[in-house]
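These notes concern the structure reproduced below.
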Amino acid sequence: MEEKEISQAVIGRLPRYFRYLGELKDEGIERVSSQELSDIMQVTASQIRQDLNNFGGFGQQGYGYNVGYLYEEIGKILGLDKEHNLIIIGAGHLGQALVNYMNFERRGFIFRGVFDNNPDIYGKQIRGIPVRPMQEMERFVRENNIDIAVLTIPKNSAVEVAEQLVSYGIKGIWNFAHVDLHVPKEIQVENVHLSDSLMKLSYNLSSHNT
């Protein structure tokens with residue numbers, strides 16, 4: 001397939017397709033039409049067809065989509081057909097919660113290490129993973145083929161840590177620190193600002209109650 005630029009809006013919908021198709025698969029449903037997917041997802045049928053056509057279509061006129069096949073193909077597009085090795089920097093409540101969330105592992109995201117700068121918790125086990133000092137991070141990243149780092153640390157240290165991670169060979173950063181990171185363009189960063197999401201919810205509550 002010829003390489004082409006896929007919009008971030010389309011990429012942002014792929015996990016939803018994957019999730020809903022997984023639910024249909026678990027229910028034993030073998031095929032689904034774009035209209036049926038539209039009813040479930042609240043996305044227009046034409047939008048669904050356009051999105052999937054970016055990757056080859058996958059459907060057959062008069063039949064719709066084979067649920068199991070489409071689920072597997074979207075999983076491959078999302079890179080879920082291979083394992084990703086992760087580390088967490090920041091062993092606070094959020095970091096611990098992420099390590100303990102088993103669904104990541106089922107998707108192939110394997111937490112290999114946890115790092116913090118607090119000596120009082122070095123050696124503490126989080127789901128069998130010991131908390132290590134930051135000084136061990138470079139060696140650990142290089143020896144364990146870590147490709148994704150998760151930042152759950154204060155914003156005043158996130159920029160410096162991100163720069164270190166890039167120099168260690170990290171390819172992706174999942175950033176929960178409340179600061180936007182500026183890294184080389186070949187490094188993939190996904191910023192998650194939890195307070196932004198909560199403020200959006202607050203706005204929608206306020207606007208619907210006026």
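Among the residues making up segment 6-47, those that are touching a residue at least 40 places away in the same chain (Cβ under 8 Å) and open to solvent by less than 50 Å² (accessible area, probe 1.4 Å) are ILE6, VAL10, LEU14, TYR17, PHE18, LEU21, GLY22, LEU24.
Against the numbered list (1) open to solvent by 70 Å² or more (accessible area, probe 1.4 Å); (2) touching a Ser or Thr at 6+ places or on another chain (Cβ under 9 Å); (3) aromatic (Phe, Trp, Tyr), TYR203 comes up short only at (2). Taking segment 114-143 as the range and being in contact with a Lys or Arg (Cβ under 6 Å, 6 or more places away or on another chain) and either farther than 21 Å from GLU190 by Cβ or open to solvent by 70 Å² or more (accessible area, probe 1.4 Å) (or both) as the test, only VAL131 passes. PHE55 meets each of the listed conditions (1) part of a loop (DSSP other than H, G, I, E, B); (2) crowded, with 18+ Cβ neighbours inside 10 Å apart from (2). Scanning segment 92-113 for residues that are open to solvent by 70 Å² or more (accessible area, probe 1.4 Å) and either more than 18 Å from ASP147 (Cα to Cα) or in contact with a Phe, Trp or Tyr (Cβ under 7 Å, 6 or more places away or on another chain) (or both) gives HIS93, ASN100, TYR101, MET102. Could you list all residues from segment 23-40 that are in contact with a helix residue (DSSP H, G or I) (Cβ under 6 Å, 6 or more places away or on another chain) and assigned to a helix (DSSP H, G or I)? Correct list: LEU24, LYS25, SER34, GLN35, LEU37, SER38, ILE40. Considering segment 154-178, and only residues there that are over 18 Å from the mean Cα position of the chain (by Cα), open to solvent by 20 Å² or more (accessible area, probe 1.4 Å) and among the hydrophobic types (A, V, I, L, M, F, W, C), the residue that is farthest from SER195 (Cα to Cα) turns out to be VAL166. Of the helices (runs of 4 or more DSSP H) contained entirely in segment 115-210, those carrying at least 3 residues that are at pLDDT below 95 fall at 155-168, 194-208.
The values are calculated or read from the model by the stated rules, or taken from the named source; none is laboratory data. Just so it is clear, the model here is predicted, and its values are computed rather than measured. As a convention, Cβ positions derive from the backbone with ideal geometry for all residues, glycine included, and neighbour counts pool all protein chains shown. SASA here: full protein model, heavy atoms, side chains in, ligands and nucleic acids out. Shrake-Rupley method; radii C 1.70, N 1.55, O 1.52, S 1.80 Å.
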